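Structure first, then comments.
Values quoted throughout were computed directly from the atomic coordinates according to the rules given, and no laboratory measurement underlies them. Since we're looking at a predicted model, the values are computed, not measured. Cβ placement follows ideal geometry from the backbone for every residue including glycine, while neighbour counts extend to all protein chains displayed.
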Amino acid sequence: MYPFTLERPTSSADAVKLAGAGGRPLAGGQTLLASMKLRLTSADQLVDLSGVKEWTGICRDGDALVIGAMTRHADVASHADVKALIPALADLAGNIGDRQVRAMGTLGGSVANNDPAACYPSAVLALGATVHTNSRKIAADDFFKGMFSTALQDGELITAISFPIPKRAAYMKFKQPASRFAMVGVFLAQFASGVRVAITGASSDGVFRHAGLEQALSASFTAQAAAGVKIDASGLNQDIHASAAYRANLISVQTQRAVTKALA
């Protein structure tokens, strides 16, 4: 690990000021610190956001749940409102990594990092969430820009994410057994306006919506409707864990299972 200085602001104003001056934000540190230990990345100054208490917590705001960016995975998984209003989101959070990762990792850190196999981006995209930053609000469809890339500008920090409450939703993840990241994860959400389906883990470009599945499930929210959609394997990941064709099949199977789970 290369040498660095560590700042621990306790207010949002100080955090924004330090990040704007070039400090590297540190949320849960589950990716950043491991990369720094391996000397794959470096930072002259880290800005530990864990002391900014106003960026933690969960509350209902009309027809949405607002979750602070520094809220830990474990707290999302166990919160009564999340379990009652968007149980699929609680289920997703409760199956990220292991207990230690869930105790340290944060919603905002995961979404800002945008790992192509991370779970939270699929929930943000499928639920049509809004990402709140220190300077603006960004719709989910405009936020994710590809592998480890987002619409965030230099020095811009996520403060909270608001999740519309769906009629029903479900998340199904086929885990890579060593890392527990998604080899393929499917998050689907049904609203009065239709169904949104987001896929994670299947593409090196990161999370994406599947128009064919959305169209079929908006017309008929059944596993049979999902099974009738042909999943194109072109552009999907092919590596030592699975071929592109296998991942395409997983998208279909996990979507069918997600629909069944949502209807249960």
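Around the amide H of residue 105, modelled in the peptide plane, lie the amide H atoms of 73, all under 5 Å away and 5 or more residues distant in sequence or on another chain. Around the Cα centre of the chain, unit charges on the Cβ atoms of Lys, Arg, Asp and Glu (plus for the first two, minus for the last two) sum to a dipole of about 620 debye. Residue separation of residue 101 and residue 10 scaled by 0.36 nm, minus their Cα-Cα distance, works out to 30.5 nm of gained length. Of the peptides 19-26, 134-141, the order by per-residue mean of other Cβ atoms within 10 Å, starting with the highest, comes out as 19-26, 134-141. The Cα-based radius of gyration of the stretch 168-263, divided by its Kirkwood radius, gives an Rg/Rh of 0.96.
Per-peptide packing, taken as the mean over residues of other Cβ atoms within 10 Å, places 51-64, 158-171 in the sequence 158-171, 51-64 from highest down.
Scanning residues 5 or more positions from residue 191 or on other chains, those with amide H under 5 Å from its amide H are 167, 196, with H placed 1.01 Å from N in the peptide plane. Modelled spin-label separation between residue 180 and residue 1, with each label point placed 7 Å from Cα along the Cα-to-Cβ direction: 2.1 nm. In order along the stretch 176-186, phi translates into HN-Hα couplings of 6, x, 7, 8, 6, 6, 7, 5, 8, x, 10 Hz, rounded to whole numbers, per the Karplus curve 6.51 cos²θ - 1.76 cosθ + 1.60 with θ = phi - 60° and x for Gly and Pro. By the count of neighbouring beta-carbon atoms within 10 Å, fewest first, 73, 79, 241 end up ordered 241, 79, 73. Mind scanning 173/230; 37/145; 175/230; 53/167 and naming the pairs with a C-alpha gap bigger than 25 Å? Correct reply: 37/145; 53/167.
Taking the centroid of alpha carbons for each part, the stretch 211-252 and the stretch 41-65 are 34 Å apart. Considering only beta bridges that DSSP places wholly inside the chain, some 85 percent are antiparallel. Near the amide H of residue 65, within less than 5 Å, lie the amide hydrogens of 163, 165, all on another chain or at least 5 residues away, with H placed in the peptide plane.
Sorting 98-107, 229-238 by average packing, meaning the other beta carbons within 10 Å per residue, from highest down gives 98-107, 229-238.
Note on the chain: the C-alpha convex hull projects to 13.4 nm² when averaged across all orientations.
Which residues in the stretch 96-136 have a backbone N closer than 17 Å to a point placed 7 Å from the Cα of residue 264 along the Cα-to-Cβ line? Once the point is set 7 Å along Cα→Cβ of residue 264, 96 turn out to lie under 17 Å by backbone N, inside the stretch 96-136.
Rg and Dmax of the stretch 1-48, both derived from C-alpha coordinates alone, stand at 10.7, 32 Å.
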